Amino acid sequence: ADYNQLGFNLRSNIFQGGPLESRSLMKDSYTPDIIQKVVRDPKNWHGRRTDELGKWHQKNALNLNLQKALEDKYG
(Lines give C-alpha, C1' and ligand atoms only; values in the text may rest on other atoms or scores of the structure.)
Protein backbone atom coordinates (compact mmCIF):
# COMPACT_ATOMS: atom_id res chain seq x y z
CA ALA A 1 0.00 0.00 0.00
CA ASP A 2 2.87 2.38 0.80
CA TYR A 3 4.50 1.68 -2.56
CA ASN A 4 1.23 2.33 -4.38
CA GLN A 5 0.79 5.63 -2.54
CA LEU A 6 4.38 6.66 -3.31
CA GLY A 7 3.98 5.68 -6.96
CA PHE A 8 0.77 7.69 -7.20
CA ASN A 9 2.47 10.75 -5.66
CA LEU A 10 5.42 10.46 -8.05
CA ARG A 11 3.13 10.11 -11.07
CA SER A 12 1.00 13.08 -10.08
CA ASN A 13 4.12 15.24 -9.55
CA ILE A 14 3.47 16.18 -5.93
CA PHE A 15 7.23 16.16 -5.28
CA GLN A 16 8.22 18.98 -7.63
CA GLY A 17 11.80 19.44 -6.42
CA GLY A 18 13.65 22.58 -5.48
CA PRO A 19 13.24 26.05 -6.93
CA LEU A 20 14.72 26.73 -10.35
CA GLU A 21 16.15 30.07 -9.23
CA SER A 22 18.22 30.34 -6.05
CA ARG A 23 17.76 33.26 -3.67
CA SER A 24 20.36 34.93 -1.48
CA LEU A 25 19.57 36.54 1.86
CA MET A 26 22.31 39.13 1.31
CA LYS A 27 20.97 40.09 -2.12
CA ASP A 28 17.44 40.27 -0.74
CA SER A 29 18.53 42.39 2.24
CA TYR A 30 20.74 44.98 0.53
CA THR A 31 20.44 47.07 -2.61
CA PRO A 32 22.86 46.28 -5.47
CA ASP A 33 24.91 49.47 -4.97
CA ILE A 34 25.80 48.45 -1.40
CA ILE A 35 27.02 45.04 -2.57
CA GLN A 36 29.16 46.65 -5.30
CA LYS A 37 30.68 49.25 -2.92
CA VAL A 38 31.74 46.77 -0.26
CA VAL A 39 35.50 46.49 0.32
CA ARG A 40 36.66 42.90 0.65
CA ASP A 41 39.84 42.37 2.64
CA PRO A 42 41.41 39.02 1.66
CA LYS A 43 43.45 38.92 4.87
CA ASN A 44 40.36 39.24 7.09
CA TRP A 45 37.80 36.78 5.75
CA HIS A 46 34.57 36.66 7.78
CA GLY A 47 36.48 37.78 10.87
CA ARG A 48 39.13 35.09 10.47
CA ARG A 49 42.64 36.12 9.52
CA THR A 50 44.77 34.11 7.12
CA ASP A 51 47.43 32.26 9.10
CA GLU A 52 50.85 31.08 7.97
CA LEU A 53 49.58 27.65 6.95
CA GLY A 54 46.91 29.23 4.74
CA LYS A 55 49.54 31.48 3.12
CA TRP A 56 51.77 28.46 2.51
CA HIS A 57 48.91 26.56 0.84
CA GLN A 58 48.21 29.56 -1.42
CA LYS A 59 51.86 29.76 -2.48
CA ASN A 60 52.02 26.00 -2.95
CA ALA A 61 48.94 26.04 -5.21
CA LEU A 62 50.45 28.85 -7.29
CA ASN A 63 53.73 26.94 -7.52
CA LEU A 64 51.98 23.74 -8.65
CA ASN A 65 50.02 25.68 -11.30
CA LEU A 66 53.24 27.30 -12.52
CA GLN A 67 55.03 23.94 -12.71
CA LYS A 68 52.13 22.45 -14.68
CA ALA A 69 52.07 25.40 -17.10
CA LEU A 70 55.83 25.16 -17.63
CA GLU A 71 55.61 21.42 -18.28
CA ASP A 72 52.78 21.96 -20.78
CA LYS A 73 54.74 24.66 -22.59
CA TYR A 74 58.25 23.23 -22.57
CA GLY A 75 57.61 19.53 -22.08
Where does the chain land at 222 nm, in deg cm²/dmol rounded to the nearest 500, when only DSSP H runs of n ≥ 4 count, each adding -39500 (n - 2.57), divided by all residues?
-> -18000 deg cm²/dmol
Under a Gaussian network model of the chain whose springs join Cα atoms within less than 10 Å, the largest fluctuation of 37, 59, 27 belongs to 59
Roughly to the nearest percent, how much of the accessible area of the chain is carbon and sulfur, given a 1.4 Å probe?
-> 56 percent
What is the set of long-range amide H partners of residue 50 at a cut-off below 5 Å, with H atoms built 1.01 Å from backbone N?
-> 45
Starting from the Kirkwood radius over alpha-carbon pairs of region 25-74, derive D by Stokes-Einstein at 20 °C in a medium of 1.002 mPa s and give it in µm² s⁻¹.
-> 152 µm²/s
Mind pulling the angle between the C-alpha long axis of helix 2-11 and the longest principal axis of the chain? Nearest 10 degrees, somewhere in 0 to 90.
-> 70 degrees
Note the angle between two axes, namely the Cα long axis of helix 52-74 and the longest principal axis of the Cα atoms of the chain, as a number of degrees from 0 to 90, rounded to the nearest 10.
-> 80 degrees
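The values are calculated or read from the model by the stated rules, or taken from the named source; none is laboratory data. For clarity, every value in this text was computed on a predicted model and none was experimentally measured. Remember, those area values only see protein heavy atoms, side chains included, never the ligands or the DNA or RNA. Shrake-Rupley method; radii C 1.70, N 1.55, O 1.52, S 1.80 Å.
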